[in-house]
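Quick notes on the structure that follows.
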Amino acid sequence: MRLKGTLVEWNDDRGFGFIEPADGGGRVFCHVKAFEVRVRRPMAGDRLTYELSKGSDGRTSAARVRPMGLEDARYQSNVGTQSKSERARVGGSSARSIWKLGVAVLLCVAVAGYYAYTHQSQFSPTSNETADVAESARPRSDDELRQAFDQHRSNVPVHGSGVVERILSDDSEGSRHQRFIVRLSSRQTLLIAHNIDLAPRVPSLAVGDRIEFSGEYEWNDQGGVVHWTHRDPNGRHERGWIKHNGTTYQ
């Protein structure tokens, strides 16, 4: 059964968000891979239709997600039951949509290439003394990070430190992220997801190293994720960083 809802929260950097059902009830987790049809990146406020799916871990999430308004013959599985004129009309519309999407992709690639060429200097590590970060507004204590976890809060500016407990493989889906797990002195664990398409990799990172971090906290049931540990090219997020062995990476 297809349901209706609104995308009330979307983390484009990590590719997931939450849908608020139109008929009430708790929010539903939604991953970018669940979209059957996408003409652009999802945004908070999008009205969607979806189905519910339960994973092997028993958690319920959205599946076969479609933007509301696209529930017409172009996106149904019974295309073969349409008349010949309907199929021709749908095929022509689909071809035009694909052509427009191709042009949009080429424009995005061109803009991204120009940005990378003109902003290469932003990928150079900086010293701790020159790191320009508004740290006063960021939570600094383990208690505040624990509170964010207990209250299931997301998009929370954070600043803390911990010991590297485990180094994970890079996440190469979408923007590339260097990933590792840090344990705080409170014993809470955090996954650090450091975007290495927008910032330099933290080199020679090893288990047992102490790091300091500044970014945005995103809740999950394993302790949480810290991302945006770098400059935001669009200026929508406060500048973050990672400090390791006396060098700041942002």
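The values are calculated or read from the model by the stated rules, or taken from the named source; none is laboratory data. The structure presented is a predicted model; accordingly, all values stated were derived computationally and were not measured. Quick reminder, even Gly has a Cβ in these numbers, built from the backbone with ideal geometry, and neighbours come from all protein chains shown.
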Worksheet, complete the sentence: Of the residues in segment 187-235 that are among the hydroxyl-bearing types (Ser, Thr, Tyr) and more than 19 Å from Phe16 (Cα to Cα), the one that is surrounded by the most Cβ atoms within 10 Å (Cβ to Cβ) is Ser214
Worksheet item: Do we find a residue being at pLDDT below 80, β-branched (Val, Ile, Thr) and more than 26 Å from His194 (Cα to Cα) anywhere in segment 35-42?
Response: yes
Practice prompt. Might you let me know whether segment 156-168 holds any residue that is loosely packed, with under 13 Cβ neighbours inside 10 Å, at pLDDT 95 or above, over 24 Å from Arg236 (Cβ atoms) and out of contact with any helix residue (DSSP H, G or I) (no Cβ under 7 Å at 6 or more places or on another chain)?
Written response: yes
Discussion item. Take the conditions surrounded by 15 or more Cβ atoms within 10 Å (Cβ to Cβ) and either at pLDDT below 90 or under 21 Å from the mean Cα position of the chain (by Cα) (or both) and apply them to Arg183. Does it pass?
Written reply: no
Worksheet item: Which of the residues that make up segment 184-204 are over 14 Å from Ile167 (Cβ atoms) and small (Gly, Ala, Ser)?
Response: Ser185, Ser186, Ala199
Worksheet entry | Residue among Phe16, Phe29 that is under 25 Å from Asp221 (Cβ atoms), touching a His at 6+ places or on another chain (Cβ under 9 Å) and at pLDDT 90 or above | Phe16
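State the number of residues belonging to segment 11-37 that are assigned to a loop (DSSP other than H, G, I, E, B) and under 11 Å from the mean Cα position of the chain (by Cα). Explain how you work it out, then say what you get.
Filtering segment 11-37 for residues assigned to a loop (DSSP other than H, G, I, E, B) gives 12-15, 22-27, 36-37.
Then drop every residue that is not under 11 Å from the mean Cα position of the chain (by Cα), which leaves 12-15.
The qualifying residues number 4.
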